[in-house]
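Right, one structure below, let's go through it.
The values are calculated or read from the model by the stated rules, or taken from the named source; none is laboratory data. Keep in mind the model is a prediction, meaning the values are calculated, not measured. Virtual Cβ from ideal backbone geometry, glycine too; neighbours counted across all protein chains shown. What goes into the accessible areas is simple: the full protein's heavy atoms, side chains included, and nothing from ligands, DNA or RNA. Shrake-Rupley method; radii C 1.70, N 1.55, O 1.52, S 1.80 Å.
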Amino acid sequence: MEYAEMDALQAAPEVYELVFENDKVRAFNVLFEPGEKTKMHSHPSHVIFPLTDGRMRITTPDGKSQDMEMKAYQALWSNPQTHTAENLGTASMSMFVVEIKD
């Protein structure tokens, strides 16, 4: 699969909204509706800043999944990864994601 097909903005434009980009970072507003699941996509190293509480399931290409409890205003670091993401809750989840460019 080519990188463009794995890019979060290309794979899930209904979830990711690009709000800023320069030569160092790319920043997104992210909104997952209840039960919404993205296609497989990739991120470089990135910071996740949840704006709401919620529960996500992250599934990697090998089929392994991890459920994550996300708390509003508690930032998380993530190393580069390819995954799908699914909102397991009954409410919308909002977050801000900043990808670090290499």
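Brief remarks follow.
- Cβ-Cβ under 9 Å pairs, at least 6 apart or on other chains, segment 23-39 side closer than 20 Å to ILE100 by Cα, far side among the acidic types (Asp, Glu) and open to solvent by less than 60 Å² (accessible area, probe 1.4 Å): VAL25/GLU99; ARG26/GLU99; ALA27/GLU99; PHE28/GLU99
- If you go through segment 46-64 and keep only what is in contact with an Asp or Glu (Cβ under 9 Å, 6 or more places away or on another chain) and of a type outside the set (D, E, K, R), you end up with HIS46, VAL47, GLY54, MET56, ILE58, THR59.
- Members of segment 64-77 that are among the small types (Gly, Ala, Ser), open to solvent by 50 Å² or more (accessible area, probe 1.4 Å) and part of a loop (DSSP other than H, G, I, E, B): ALA75
- Hits in segment 90-102 - residues which are under 16 Å from LYS37 (Cβ atoms) and surrounded by fewer than 17 Cβ atoms within 10 Å (Cβ to Cβ): THR90, ALA91, SER92
- Residue list for segment 83-99, filter: small (Gly, Ala, Ser), closer than 12 Å to ILE48 by Cβ and either outside any strand (DSSP E or B) or in contact with a Leu (Cβ under 7 Å, 6 or more places away or on another chain) (or both): SER94
- The condition of being open to solvent by 10 Å² or more (accessible area, probe 1.4 Å) and closer than 19 Å to PRO13 by Cβ holds for only one of PRO44, PRO80, PRO61, that being PRO44.
- Of all residues in segment 47-58 being within 15 Å of LEU88 (Cα to Cα) and hydrophobic (A, V, I, L, M, F, W, C), the one that is surrounded by the fewest Cβ atoms within 10 Å (Cβ to Cβ): ILE58
- Residue match in segment 9-18 (condition: charged (D, E, K, R), more than 12 Å from VAL98 (Cα to Cα) and open to solvent by less than 70 Å² (accessible area, probe 1.4 Å)): no
- Filtered residues of segment 19-41 (kept if of a type in the set (Asp, Glu) and open to solvent by 50 Å² or more (accessible area, probe 1.4 Å)): GLU21, ASP23, GLU33
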